[in-house]
Amino acid sequence: MKISHRHENQICIVSLEGGLIQKEVGDLKNYMLPLLEDKHTKTLVLNMKRIKDIDSAGIGMLVSIYKNIQKRQQEGPDESQLVMVLCGLNQKCRKIFSMVQIDKIMKIYETEEEVLADQGSTL
């Protein structure tokens with residue numbers, strides 16, 4: 001899996017490429033931990049446009065990241081609040097996310113541009 005990130009104001013965009021599958025989730029976890037500690041980031045975007053496959057371990061990792069963010073919100077002051085959103089899901093991922101109801105707890109956008117327009121206007 002290839003992972004990269006960039007910052008646009010208080011938005012951190014993490015681009016994922018490859019498979020979000022069991023043998024790759026450890027790389028994502030190690031990459032994400034320091035990003036989750038950044039108190040200046042208000043929105044964490046996982047751009048999944050180039051994700052080809054996802055399995056239960058990948059879904060579990062996304063839920064784990066989401067739970068870490070929820071924990072940060074409970075422990076920190078208002079200025080440390082962080083929102084996680086997803087974008088660029090292919091049809092297969094959308095269907096899986098709908099079946100396991102990930103789409104009920106995480107906001108999903110079609111494109112990164114939509115996220116920047118929406119989240120940028122709320123910062």
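The values are calculated or read from the model by the stated rules, or taken from the named source; none is laboratory data. Keep in mind it's a predicted model, so treat the numbers as computed, not measured. Please note: Cβ atoms are built from the backbone with ideal geometry, for glycine as well, and neighbour counts cover all protein chains shown.
The table that follows gives values for the structure above.
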{"quantity": "Subset tally (residues that are among the hydrophobic types (A, V, I, L, M, F, W, C) and in a helix (DSSP H, G or I)) for segment 79-117", "calculated": "8"}
{"quantity": "Lone qualifier among E75, E110 - being charged (D, E, K, R), at pLDDT 95 or above and exposed (fewer than 13 other Cβ atoms within 10 Å of the Cβ)", "calculated": "E110"}
{"quantity": "Answer residue from segment 34-72, given it is touching a Phe, Trp or Tyr at 6+ places or on another chain (Cβ under 9 Å) and part of a strand (DSSP E or B) and is surrounded by the most Cβ atoms within 10 Å (Cβ to Cβ) among those", "calculated": "V45"}
{"quantity": "Selected residue [free of Cβ contacts under 8 Å to residues at least 24 places away in the same chain and on the phi < 0 side of the Ramachandran plot] from G26, G60", "calculated": "G26"}
{"quantity": "Condition met for R72 (farther than 22 Å from T111 by Cα and either touching a residue at least 12 places away in the same chain (Cβ under 8 Å) or of a type in the set (G, A, S) (or both))", "calculated": "yes"}
{"quantity": "Selection from segment 7-22 of residues that are at positive phi and either at pLDDT 90 or above or surrounded by 15 or more Cβ atoms within 10 Å (Cβ to Cβ) (or both)", "calculated": "G18"}
{"quantity": "Flag if I54 is in contact with a Cys (Cβ under 7 Å, 6 or more places away or on another chain) and of a type outside the set (F, W, Y)", "calculated": "yes"}
{"quantity": "Residue in segment 23-33 that is part of a loop (DSSP other than H, G, I, E, B) and loosely packed, with under 15 Cβ neighbours inside 10 Å present", "calculated": "yes"}
{"quantity": "Pair list, Cβ under 8 Å, 6 or more apart: segment 86-109 residue among the acidic types (D, E), other residue assigned to a helix (DSSP H, G or I)", "calculated": "D103/R94; D103/F97"}
{"quantity": "Condition check for L82: modelled with pLDDT of 90 or more, closer than 19 Å to H5 by Cα and either crowded, with 16+ Cβ neighbours inside 10 Å or touching a Gly at 6+ places or on another chain (Cβ under 9 Å) (or both)", "calculated": "no"}
{"quantity": "Failed item in (1) touching a His at 6+ places or on another chain (Cβ under 8 Å); (2) at pLDDT below 95, with L36 passing the rest", "calculated": "(1)"}
